[in-house]
Structure formats: C-alpha cells, structure tokens
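J.: Take this structure, written in structure tokens, and hold onto it; I'll ask about it next.
Coordinate-derived values only; no laboratory data. Quick caveat, the model's predicted, so the values are computed rather than measured. Counting neighbours? That spans all protein chains shown, and the Cβs are built from the backbone with ideal geometry, glycine included.
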C-alpha cells in the first residue's frame, strides 16, 4: 500500500466583477476547502501583480512557496508582456461549516480529526 500525501490544485477562482468586494472569493475558497480530506496540500498560482488575489489567499492562510518566472502572458493594447506567478500552498487541516454555508446554528470544525461543535452567535 502506498502512503501518498493528498494534494489538490486550484486552477482558477474567478468572481464576476459585479460581485467582487462582497467576500464571495473567501466563501468559495472556504467551500472548496470543506470538500478536501484533512491533511491535503492545496496549491495555486497567482500573478505577482494581482494584489487583491494575493491578499485573499494570504488572509486564508496560504503561504508563498515559490515563484515561476514569465508564467502568465499579459496583453494590453500597447504591448505583450510576461508576468511572474507566485505559487501558494496551504496544508488544509480544518474543515469548517460556517452558518453562511448551511442552515445550521452550529459551526462544526474538524481539526486534525477531532470533531467539535461551537454555537454561532
């Protein structure tokens, strides 16, 4: 039997411009992480100049682990340029069901395989 660590890669998380700045990005990210097996390493790429996305992932506990040079191609009316990517990673240990995602009055947290209930006030 092979003992492999679980990994997942988030290829894209896109929020329509009309719905940005409404915490939809963090809600989608949290919803995704609730579907992962505890101990999964989640990775993703972000353009180095995409400050809002980088702030989102850093606020969710992701850490920059590497940089890929000229990973993205940026095309404007004036020029075409290559943009570096920052690779972020997070080891997902917690699964949270927030009251924003369910009709329950409880927030259920699975932390390193220990189930606990907290009353959401």
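J.: Restricting the stretch 75-87 to residues that are without any contact (Cβ under 8 Å) to a residue 12 or more places away in the chain and in contact with a strand residue (DSSP E or B) (Cβ under 9 Å, 6 or more places away or on another chain), which is farthest from residue 46 (Cα to Cα)? Walk me through how you get there before you give the answer.
T.: Restricting attention to the stretch 75-87, the residues satisfying the condition of being without any contact (Cβ under 8 Å) to a residue 12 or more places away in the chain are 75-81.
Now restrict to residues that are in contact with a strand residue (DSSP E or B) (Cβ under 9 Å, 6 or more places away or on another chain): 75, 80-81.
Numbers: 75: 17, 80: 18, 81: 16 Å.
Ranking the candidates gives 80 first.
J.: What number of residues in the stretch 14-54 are surrounded by 11 or more Cβ atoms within 10 Å (Cβ to Cβ) and out of contact with any helix residue (DSSP H, G or I) (no Cβ under 6 Å at 6 or more places or on another chain)?
T.: Residues flagged as surrounded by 11 or more Cβ atoms within 10 Å (Cβ to Cβ) and out of contact with any helix residue (DSSP H, G or I) (no Cβ under 6 Å at 6 or more places or on another chain) within the stretch 14-54 amount to 28.
J.: Moving to a separate point now. Quick one: how many residues across the stretch 38-52 are in contact with a strand residue (DSSP E or B) (Cβ under 8 Å, 6 or more places away or on another chain) and either free of Cβ contacts under 8 Å to residues at least 24 places away in the same chain or over 20 Å from residue 70 (Cα atoms) (or both)?
T.: 5
J.: Among (1) in a helix (DSSP H, G or I); (2) closer than 17 Å to residue 93 by Cβ; (3) touching a residue at least 60 places away in the same chain (Cβ under 8 Å), where does residue 29 come up short?
T.: If we test residue 29 against (1) in a helix (DSSP H, G or I); (2) closer than 17 Å to residue 93 by Cβ; (3) touching a residue at least 60 places away in the same chain (Cβ under 8 Å), just (3) comes out false.
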